[in-house]
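Remarks on the structure that follows.
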Amino acid sequence: MEEKSECHRRSVFPSADCVRDTHLRPSFKNARTISPLYTGGPVAVTPDGLKIVTCVGEDIFYTEIASGNRICQFAGDTQSVTSLCITPASTYLLAFTSALSLRIFELPRPSPNTPRFIVPIRVIARAHESPVHVCTSDPTSTYFASGSADGVVKVWDIVRGYVTHVFKGHGGVVSALAFNYPQDTSFVGQQQSMQLITASVDTRIRVFDLFGQSRNTGKATVVLEGHVSVPRGLDVSPDGRWLVSGGRDSVVLVWDMSPLLQTKTSQESSKKGKEKAVSPKLAKTIPVLERVEAVGFLVADQGFTSATSSPEYLQFFTGGENGVIKIWNAREGSVMLTLGQTHTGISDDSEESRQIVDVIYIPSASTVISVHADQNILFHSLSTQSLSRQLIGFNDEIVDIDFLSPSLYESRDGLADTHLALATNSSLIRVYSKEGLDARLLEGHTDIVLCLDKGSDGRFLASGSKDRTARIWAPERRDKETSNWGYQCVGVCEGHAESVGAIAMSRKSSLETSGEDPSPKFMFTGSQDRTIKMWDLSGIPFFEGTKSSEPVRCKSLMTLKAHDKDINSLDVAPNDRLLVSGSQDRTAKVYEIEFHSSGKAISGSLKVLGTCKGHKRGVWTVRFGREEKVLATGSGDKTVKLWNLDDFTCVKTFEGHTNSVLRVDFLNAGMQLVTSASDGLVKLWNIRDEECIATMDNHEDKVWALAVSADERIILSGAADSVVTFWEDCTEEQEEEKEKKRADLVLKEQDFLNYVSLHDYRKAIQLALAMEQPGRLLSLFRNIVSSKDPTASSILGESAVDEVLRTLTGSDLTKLLRYVREWNANAKTSLVAQSVLFAILKMRSADDVMKSFSDEVGELTFALDPTSTTDKEKRVASLKDIIDALIPYTERHLSRMDKLLQESYMVDYILGEMDDGLFDGDDGMDIDH
């Protein structure tokens, strides 16, 4: 293997000379996560198109669309959400659950102080007698309507929370709702009215006048018949004249509402009693050739005319079973524009999962949003007529992950690792933008994708699948006008008899040697058929930048029967000289790569150099060192082994995971290892000491996927819990923070000495408490107590210190009492402790001391309500702990002082007797007497 320096040839591991400028990176923080965004159910978007409300199971999340940051979570009732909507003023969120409850929330404004958990301002326990599947708010954000499965429609006052109207008579489940409140009064006159239009499974559309006849009778003003299947979408033009309805009968109907509006206007003006009812006219029937799930008018903006009083200018959108949004001309009944991609050649199940279940139109952003049954949310720009953003709701089990750099050779800035690719429990590959949630789905495989790998520069992507094929992907040429991006399949490798579970592209490109294009020249695949295949990639058009009709069929250069069981992992050495394979047969094999390319004659072969034996279970992962001639392997026996490639002996073994090690990679010029395992942990190891220096925990299931960025500052981990975690290197930040704290401590210590010399005891004591240095406080109090004048009126010895102890509040006093508790436990410092305690109790009442503990709890940043029972218990327990610790030691000190006092009396007596001549007398005194 090619070595890069003399020190690399001297030793398997870096010598001190080679790594003297290399520092360990022991600290990584959880900088960001990509977690499930949407798992099904209703979706709502704010009118400005910047934030979205989605459901993940039984939870409701509020997310910022551009950054992907989760703003907050709305409190549910442990039941799934059946319907929700946001008022046009972006003030309230209305949510119905399968428990038949209505929960009304105030939408928070994103800020650092926004609470992470929002509770409802009003809860109506039983809003309907049956589940509510549709609800909508009126344009003034004053009322909202809800339709239930038992055919009942209710209109609610949002602020006051009561029902204003109840409409019955629907022939089944209410399937669509729309308010008609013409704000453009040029057509209907100055008299404004509000109508509610409903549709149900009985195929009929009903119009209710909220402030007219329907208010008193509860009956529909008019019933429209035209659909032969359930209508799923309703919308009214801004002037109130046109109504569009679409249903599962594959037909869209355009209704002229002007007769009804004109009749009402004439009634209001004449006041001559009841006029003959006039029904709206069916103006147009448009076959759309697909089941329609959503329909709506477009307003005048960005190249599209408005829904005005003339039918020739009406334009509307539809979304349904084909999974695309179509823009229609109402007069011609023709499709003007199709947004989205029509899927061909896919199974019936996949086709059903990709159909549109809802469409949300955002006029202010000129965007149409489609919600699909496969839990993906697509944003289509009407101004650029292209896909502007895609949110992937749920990734399922993540099995592999890698960084990508599609713009590396298109930007002078050398943008690296701008995207990441995910292989999940799906045939679709997810490619995310690193900065947000914008993503693309790569279609091509027909079964679950099992493995991913990238080229040497990260521009190209390779994937292996259960469909027995491998595919090569290249970035599409970015459209500067639309800022659209994506990947296309440029090559297919077919030939394996079983699933392709391991893949590895060549690490060196011809750009490094000859200055030509940086495309990889060969690739290896490993399969459950126990063979390794080498593929020629030289004929693939990596840089065409446009979608070709068919990807290139790659040629297999060789096939090698490599192992006795499934091949789990492959890796190519940085110089393209070696290949390693890891298998379930508990071994890892190292091969020499021979690749020759001269004109059209291309050949390749593998030669076995050695076998690494020592693992007790299957080898899940293998990885060559980037700087050293070493190999790392991870196994189901919970260990990671490091191998010397000169003699294929194990030189180090790392133990610490409690389950199978699934991924391993090198960091920091080969000084560190990062591993992931089935125990849900990511561990960082110091190779020299065989020591785990950091454990990163943010997953609840097997961590199958692991990737390291080019600058080694970010570690990506993906797990079976559908969560991707960005672990960012924060070693420098922590070192800077430690150095800053040390410098601040030095300054504070100097300030403390200055305050003491100036007899500014208040600032000295407060500073010592802030620095949490009980030793300095002890020294200060000891000097004051020892120098106390017995004739002075001060309790402690200094009136200024007495005043400080009398006025200390909150956490300062409680902290001082805890220090006193510690000092009181030692006989050498008990005098100071008793003196300070005496001064505090002498000058302050018991209620005052109790209040200080209450104030301390209130000062906690993440504390609950200070009046809550939990905080009261915490306060009492804290004071009780101090008292329980002070009393026994104080009694012991008192007993000791009493004993010393009694002994002092004996000393005084003996000394007194000595002064009185106790031992004076004749020398010849009779001893017996």
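The values are calculated or read from the model by the stated rules, or taken from the named source; none is laboratory data. Because the structure is a prediction, the values reported are computed rather than measured. Ideal geometry is used to build each Cβ from the backbone, glycine not excepted, and the neighbour counts take in all protein chains shown.
The table for this structure:
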| read-out | value |
| --- | --- |
| Among the candidates D358, D400, residue that is among the charged types (D, E, K, R), crowded, with 22+ Cβ neighbours inside 10 Å, part of a strand (DSSP E or B) and at pLDDT 90 or above | D400 |
| Answer from T633, T649 - the residue that is at pLDDT 95 or above and not assigned by TED's automatic domain parsing to the domain that holds T525 | T633 |
| Subset of segment 122-155 that is farther than 13 Å from F96 by Cα and of a type in the set (A, V, I, L, M) - its residue that is surrounded by the fewest Cβ atoms within 10 Å (Cβ to Cβ) | V152 |
| Pick from segment 374-397, criterion surrounded by 18 or more Cβ atoms within 10 Å (Cβ to Cβ), touching a Ser or Thr at 6+ places or on another chain (Cβ under 7 Å) and among the charged types (D, E, K, R), ranking: nearest to D417 (Cα to Cα) | E397 |
| Subset of segment 356-383 [on the phi > 0 side of the Ramachandran plot and among the hydroxyl-bearing types (S, T, Y)] | S366 |
| Residue match in segment 768-788 (condition: at pLDDT below 80 and touching a Gly at 6+ places or on another chain (Cβ under 7 Å)) | yes |
| Residue check, D239 at pLDDT 75 or above and touching a helix residue (DSSP H, G or I) at 6+ places or on another chain (Cβ under 9 Å) | no |
| Residues of segment 32-46 that turn out to be under 22 Å from F726 (Cα atoms) and not polar (S, T, N, Q), as a count | 5 |
| Any hit, segment 142-163, residues being of a type in the set (K, R) and assigned to a strand (DSSP E or B) | yes |
| Within segment 555-580, considering residues that are farther than 16 Å from G464 by Cα and of a type in the set (D, E), the one surrounded by the most Cβ atoms within 10 Å (Cβ to Cβ) | D576 |
| Residues that are part of a strand (DSSP E or B) and either small (G, A, S) or in contact with a helix residue (DSSP H, G or I) (Cβ under 6 Å, 6 or more places away or on another chain) (or both), drawn from segment 424-443 | S433, A439 |
| Elements of type strands (runs of 3 or more DSSP E) in segment 581-634, at least 1 residues being loosely packed, with under 14 Cβ neighbours inside 10 Å and of a type in the set (S, T, Y) | 587-598, 601-613 |
| Unmet requirement for D517, which otherwise passes all of (1) crowded, with 19+ Cβ neighbours inside 10 Å; (2) at pLDDT below 95 | (1) |
| Residue check for L808: assigned by TED's automatic domain parsing to the domain that holds H893 and at pLDDT below 80 | no |
| Residue check, R713 among the basic types (K, R), in contact (Cβ under 8 Å) with a residue 12 or more places away in the chain and touching a helix residue (DSSP H, G or I) at 6+ places or on another chain (Cβ under 6 Å) | no |
| Test for F61: is it surrounded by fewer than 23 Cβ atoms within 10 Å (Cβ to Cβ) and assigned to a strand (DSSP E or B) | yes |
| Count of residues meeting criterion [out of contact with any Phe, Trp or Tyr (no Cβ under 6 Å at 6 or more places or on another chain) and at pLDDT below 85] in segment 468-485 | 9 |
| Wholly enclosed strands (runs of 3 or more DSSP E) of segment 652-719 bearing at least 2 residues of a type in the set (A, V, I, L, M, F, W, C) and more than 14 Å from V399 (Cα to Cα) | 661-667, 672-677, 681-686, 691-697, 714-718 |
| Which numbered condition L900 fails, given (1) farther than 29 Å from A825 by Cβ; (2) at pLDDT 55 or above | (1) |
| Close pairs (9 angstrom Cβ cut-off, 6 or more residues apart or separate chains): surrounded by 10 or more Cβ atoms within 10 Å (Cβ to Cβ) in segment 890-910, hydrophobic (A, V, I, L, M, F, W, C) anywhere | T890/A833; T890/L837; R892/A827; H893/A827; H893/L831; H893/A833; R896/A827; I910/L918 |
| Members of segment 753-804 found to be touching a residue at least 12 places away in the same chain (Cβ under 8 Å) and either outside the structural domain of I840 (by TED's automatic domain parsing) or β-branched (V, I, T) (or both), listed by number | V756, I765, I784, V785, I795, V801, V804 |
